[in-house]
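S.K.: The structure is given below, and queries will be raised subsequently.
Read-outs: derived from the displayed coordinates by stated rules, not from any lab. Because the structure is a prediction, the values reported are computed rather than measured. Counting neighbours? That spans all protein chains shown, and the Cβs are built from the backbone with ideal geometry, glycine included.
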Amino acid sequence: MESKVNLKEQLRVENMPTKEGYFGEYGGKFLPAALESVIGEIAEAYDRIKDDPSFKEELMYLHQHYTGRPSPVFHAKNLSDELGGAQIYLKREDLNHTGAHKINHCLGEALLAKRMGKTKLIAETGAGQHGVALATAAALLGLECDIYMGEVDIKKEYPNVVRMRILGAKVIPATHGLKTLKEAVDAAFEAYLKDPVTQFYAIGSVVGPHPFPMMVRDFQSIIGIEAKAQFREMTGKLPDNLVACVGGGSNSIGLFSAFLHDESVNIFGVEPAGTSFKTGDHAATLSFGKPGMIHGFKCYLLQDEEGQPAPVNTIASGLDYPGVGPQHSYLKDINRVNYDTINDQEAIDAFIKLARLEGIIPALESAHAVAYAMKMAAGMPKDQTILVNLSGRGDKDIDYVVERFGKEFNISE
Amino acid sequence: MNRIAQLFKEKKNILSIYYTAGFPQLTDTLPILETLEKAGADLVEIGMPFSDPLADGPTIQQSGQTALKNGMTINLLFEQLADLRPQLSIPVILMGYFNPVHKFGMERFVEQCRKTGVDGVIIPDLPFDEYREKYEALFTQAGISNIFLITPQTPEERIKLIDKNSNGFIYMVSSASVTGTKKEISEQQTRYFKRINNMQLASPRLIGFGISDRASFQKACDYAAGAIVGSAFINLLNNEGNNPEKISDFIQSIKKTN
């Protein structure tokens, strides 16, 4: 079949991205001159250091002894039985130190920053998971840390704000626009430009200018590498389906990257449909966006007729972004990954269901992936398998869930 | 010869003023331009607002947010500038981020610039290589200058390439920072100005970012054809609106020689 030959060719991950950071037409570096040179410095350093055996060893040691890797794969039998269809497996990134997959790339970025002689890590955060992970890595490696966070998210994700402060990081509110993730990215870039010499901008996902989409993917690819071996050991096979949530797309690309060449594996990325498919009510970038440039890279972008990024909305702050990773944009175009949506209500239903049936409280972000897997599983034969990336735990979300859905699920006072 | 080339041929110590279209009031764009020409500004850069401007500090960012809230768009800007020529003779540059321009359509954008009498364009996040590959012919054909930024970190090779392919002036960012930082010109910056000066480039240079008063303007003029004032002027507009007297005082206070 001709398309299969093409697919193999298109997916040569070793060629992804190009030297200039392009995944097909996406990615690249769309930057003002002042930023171009400082980000170029990070690209050069990463290129120099990434294959250094001592760097890899140091990172591996931390993964194992600090984060607690490998994270297990768990067969969610109760949930699968209840649905009566395909078998659902969970890659337990929620069990990592700090409670989500973000620690994987934060340790990598922090080690890189340290080798570059930087003294301060800065970043944006949405739900606060990236911020907490980076503050943790900074504390461990003796670096300062400033985290930029939308004012709205600071209120919504307060426990994470406190955690960052306990870890010694400064949390700086982004106060313009919708005061969520996009604005936090603006604020972090602005701060970075003021002092690119001592600071290192550790972007929180596979977004932004080259080399971030590549570098963060490389650091996250450990999820898929582990999961593939673990799943094989448990079942003797590859999973039939993969499901992960997509905001910027770091946990999903981390899982997907190990399976892109395995044509028998169907891959699904789940975007947040928020409260409706109307512009401003969701953050389903790949489903409704058009190619455009934001924050220094080209990707699918939710935008208005004038090319201004559109407002976004979802209960999961970590998915609340009008852009998306360039590699996801490319994987959509070549039809390797299917991107679909789950709305707020479906996510919260899955959040409760997983808690009640398996004793696992997922992050609202990850609940989108669980909800999608539940939908799929119900209509599938029992010998089919779905591997879900449970990217984070839901401790951070409990106050918000009680406040908004307490009555519905009988969990408020 | 377009108005920008003419200006650099005839004048020294060029004062360029940056302001945001549709700010502080939506309809202020052309009136402010008239005021600036009368007040003695040599060149004007009109900012097309974008919600996520990576190279701009808080002052310009906020003016952009206000302008967007006012309803400013590229379409509307070209409408507002419809009577620009021959009424005014000051060279005009439009400055804005790539995505809105891309969405508008680069070909259509350049054509609108030509029609309204806009002389040059600055798109700070348009990669130089992408410009050369896809858009250079378009700009050259229409006689519109595309102006590129350099910083103290820009490699010499790249500066030479920009110089060779430049048809207006080179915009020197004086330090690796966003706009609106109020620092005096440092020794380090002076060394950078000198270094670029010694490269004997064919294109004239304007120094931008961090120029806010007569002292910094004159210092910049020692090493370049002139300088650009942005945030300081936006602050004035923020406080005074389109007040011809105050604007005239502001321009004179910067230009006045000892």
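S.K.: What length, rounded to one decimal in nm, is gained on full extension from A:ASP383 through to A:HIS75, with 0.36 nm per residue of separation minus their alpha-carbon distance?
M.R.: 109.6 nm
S.K.: Where Lys and Arg each count +1 and Asp and Glu each count -1, what net charge lies around A:GLY150 among other residues with Cβ under 12 Å from its Cβ?
M.R.: On the way: positive: A:LYS155, A:LYS156, A:LYS179, A:LYS182; negative: A:GLU124, A:GLU151, A:ASP153, A:GLU157, A:GLU183, A:ASP186, A:ASP320.
Cβ neighbours under 12 Å give a net charge of -3.
S.K.: May I pose another question? Under a point spin-label approximation (7 Å from Cα along Cα-to-Cβ), what is the B:LYS12-B:ASP249 distance to one decimal in nm?
M.R.: 3.0
S.K.: On to the next question. Among DSSP beta bridges whose residues both lie in chain A, state the antiparallel percentage, nearest 5.
M.R.: 30
S.K.: Right, another one. Quick one: B:CYS221, B:CYS113, A:CYS299, fewest Cβ neighbours within 10 Å first, how do they rank?
M.R.: Taking fewest neighbouring Cβ atoms as first place, the list is B:CYS221, B:CYS113, A:CYS299.
S.K.: Explain nothing, just the number: dipole magnitude of the range B:1-55 about its Cα centre with +1 on each Lys and Arg Cβ and -1 on each Asp and Glu Cβ, in debye rounded to the nearest 20. Before the final figure, lay out each step's value.
M.R.: On the way: 5 positive and 7 negative charges, 61 e Å.
Its charge dipole is roughly 300 debye.
S.K.: For the range A:197-349, state the average projected area of the convex hull of the C-alpha atoms over all orientations, rounded to one decimal in nm².
M.R.: 10.4
S.K.: Based on other C-beta atoms within 10 Å, arrange A:LEU242, A:LEU387, B:LEU33 from fewest to most.
M.R.: B:LEU33, A:LEU387, A:LEU242
S.K.: Evaluate the distance, in nm, between pseudo-label points positioned 7 Å from the Cα of A:ILE166 and of B:GLU130 along their respective Cα→Cβ axes.
M.R.: In this crude label model, A:ILE166 to B:GLU130 measures out at 4.3 nm.
S.K.: Something else: Over chain B, with a Gaussian network built from C-alpha contacts below 10 Å, which listed residue (B:LYS38, B:LYS103, B:LYS160) shows the highest mean-square fluctuation?
M.R.: B:LYS103
S.K.: Give, rounded to the nearest 20 debye, the magnitude of the charge dipole that the range B:119-258 has about its Cα centre when Lys and Arg contribute +1 at Cβ and Asp and Glu contribute -1 at Cβ.
M.R.: Charge dipole of the range B:119-258: 420 debye, to the nearest 20.
S.K.: How much length is gained on full extension from A:ASP51 to A:LYS407, taking 0.36 nm per residue of separation minus their Cα-Cα distance? Present the calculation step by step, with values, prior to reporting the outcome.
M.R.: Details: separation 356, 0.36 × 356 = 128.16 nm, distance 5.27 nm.
Result: 122.9 nm gained on full extension.
S.K.: Same structure, new question: Estimate the FRET efficiency between B:ASP83 and B:ARG195 by the formula 1/(1 + (r/R0)^6), using the beta-carbon distance for r and 35 Å for R0, to the nearest 0.05.
M.R.: 0.20
S.K.: Oh, and also: Here are some pairs, A:LYS298/B:LYS103; B:LYS103/B:LYS134; A:LYS120/A:LYS194; A:LYS29/A:LYS170; B:LYS12/B:LYS160; which of them have Cα atoms lying more than 18 Å apart in this structure?
M.R.: Cα-Cα > 18 Å for A:LYS29/A:LYS170; B:LYS12/B:LYS160; rest within.
S.K.: Which of A:HIS65, A:HIS261, A:HIS295 comes first, and how do the rest follow, when ranked by fewest Cβ neighbours within 10 Å?
M.R.: Numbers: A:HIS65 9, A:HIS261 13, A:HIS295 26.
Exposure proxy ranking, most exposed first: A:HIS65, A:HIS261, A:HIS295.
S.K.: Where a ≥ b ≥ c are the square roots of the eigenvalues of the C-alpha gyration tensor, would you call chain B rounded, which needs a/c under 1.5, or, failing that, prolate if a/b is larger than b/c, or oblate?
M.R.: rounded
S.K.: Say each of A:MET60 and B:GLU107 gets a label point 7 Å from the Cα, pointing the same way as Cα to Cβ; how far apart are those two points in nm?
M.R.: Between A:MET60 and B:GLU107, the simple spin-label model gives 5.4 nm.
S.K.: Between A:ARG232 and A:LYS155, take the C-beta separation as r, use R0 = 45 Å, and let me know the FRET efficiency to the nearest 0.05.
M.R.: 0.55
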